[in-house]
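Undergrad: Below: one structure in structure tokens.
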Amino acid sequence: MFTRVIKQLSVGVALSAAAMSAQAVDITGAGASFPYPIYAKWAAQYQQETGNRINYQSIGSGGGQQQIIAKTVDFGASDDPMKAEDLEKNNLLQFPAIIGGVVPVINVNGIKPGELRLSGEVLADIYLSKITKWDDEAIKALNPDVKLPSASIIVVHRSDGSGTTFNWTNYLSKVSTDWRDKVGEGKAVKWPTGQGGKGNEGVAAYVRQLKNSIGYVEYAYAKQNNLSWTQLQNKDGQYVQPSQESFAAAAANADWKSAPGMGVVLTDEPGAESWPITAASFILVHKEQSKPENGRAVLEFFDWAFANGDDMAAELDYVPMPDNVVSQIAEVGKTDV
């Protein structure tokens, strides 16, 4: 898929494909924790098949963007798509690699995964500290058959610059005027309340440890840590469970071509089956490479992942990039590089 891009990722240094294939290449990447489970799974299988090693560090989207700009890694990863002017300024190519979902997770005795219902407005009010007890009337009204404790809600959020936070706060800004006006959206915001954990890993650990807490993580982290997620009311007024199917439903009508760098935001999408905090994760690479063999190896890895990684992604409840979007990515590479 990336054949033409691979040929052009250079600074005029002629390289022999035979010479490159004779020696395994180590490449480094850093950024979003959202896709870390699938990147780690892909990397292990890819090394087994090719001998090439992919060292990906889960440091948050903000760190991933900073490190690729500084050229300290071969690729960056971010769930907050970079704007057109920043892509141009830093001479970067951006493309989506995987789709997943951000889910509210709770630690409340007796409440099973997927049992509690929340709306976007209630969720925003919890994070605004307007709702502070689990048996608040607003939560009880959505859950008449759920036994809710009269306990204070412990709010957990990200402490690092995070694409997961960008998608979370972008969603809250769409469903709550109060949140939009008082806090807004971004990879890092001034939180009205709560305590911070680093990475999806840190938030998951806090929620697992703290009774009566609520946080937000990528769905794979919720399942891997045996956390209880909630249902969410979507734009069509339906309560939906997080799943590969509801993430795919939200992404079904995305217009990837219209966004700079294919940087589509998938929160609060219409559709009765759509999960309201669906998100794509993006890869960033320099168009001109000081180490062309590493640039080539990055694109060959994702080329392999698009061709061979769908089943592995589905096992972790991510949504693989659809074939038509993969074709669009190839076209972006041809025109942008």
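Listed here are the residues, each with its yes/no results for (1) farther than 26 Å from Ser228 by Cα; (2) assigned to a loop (DSSP other than H, G, I, E, B).
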position	(1), (2)
Gln47	yes, no
Asn55	yes, no
Ile68	yes, no
Glu115	no, yes
Leu123	no, no
Ile131	no, yes
Ile139	no, no
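Undergrad: Only one of Ala280, Ala314 is closer than 16 Å to Pro35 by Cβ, among the small types (Gly, Ala, Ser), under 17 Å from the mean Cα position of the chain (by Cα) and surrounded by 17 or more Cβ atoms within 10 Å (Cβ to Cβ). Can you tell me which?
TA: Residue meeting the stated conditions: Ala280.
Undergrad: Taking the condition closer than 25 Å to Ser162 by Cβ and in contact (Cβ under 8 Å) with a residue 24 or more places away in the chain, does Ile111 pass?
TA: Here the answer is no, as Ile111 does not meet what is asked.
Undergrad: Determine which member of the set Ala43, Ala84, Ala70, Ala30 is at pLDDT below 95 and assigned by TED's automatic domain parsing to the domain that holds Phe306.
TA: None of the other options fit; the residue is Ala84.
Undergrad: Assess whether Trp191 counts as being within 20 Å of Ala280 (Cα to Cα) and crowded, with 18+ Cβ neighbours inside 10 Å. Quick ask: steps written out before the conclusion?
TA: Values: within 20 Å of Ala280 (Cα to Cα): no; crowded, with 18+ Cβ neighbours inside 10 Å: yes.
So Trp191 does not fit the description; no.
Undergrad: Mind listing whichever residues of the range 71-96 are aliphatic (A, V, I, L, M) and within 12 Å of Gly261 (Cα to Cα)?
TA: Matches in the range 71-96: Met82, Ala84, Leu87, Leu92, Leu93.
Undergrad: Something else: Sort through Ser327, Ser281, Ser290 and tell me the only one that's under 24 Å from Val73 (Cβ atoms) and modelled with pLDDT under 95.
TA: Residue meeting the stated conditions: Ser290.
The values are calculated or read from the model by the stated rules, or taken from the named source; none is laboratory data. Just so it is clear, the structure is predicted and the values come from calculations on it, not from any experiment. Cβ coordinates were reconstructed from backbone atoms using ideal geometry, including for glycine residues, and neighbour counts include every protein chain displayed.
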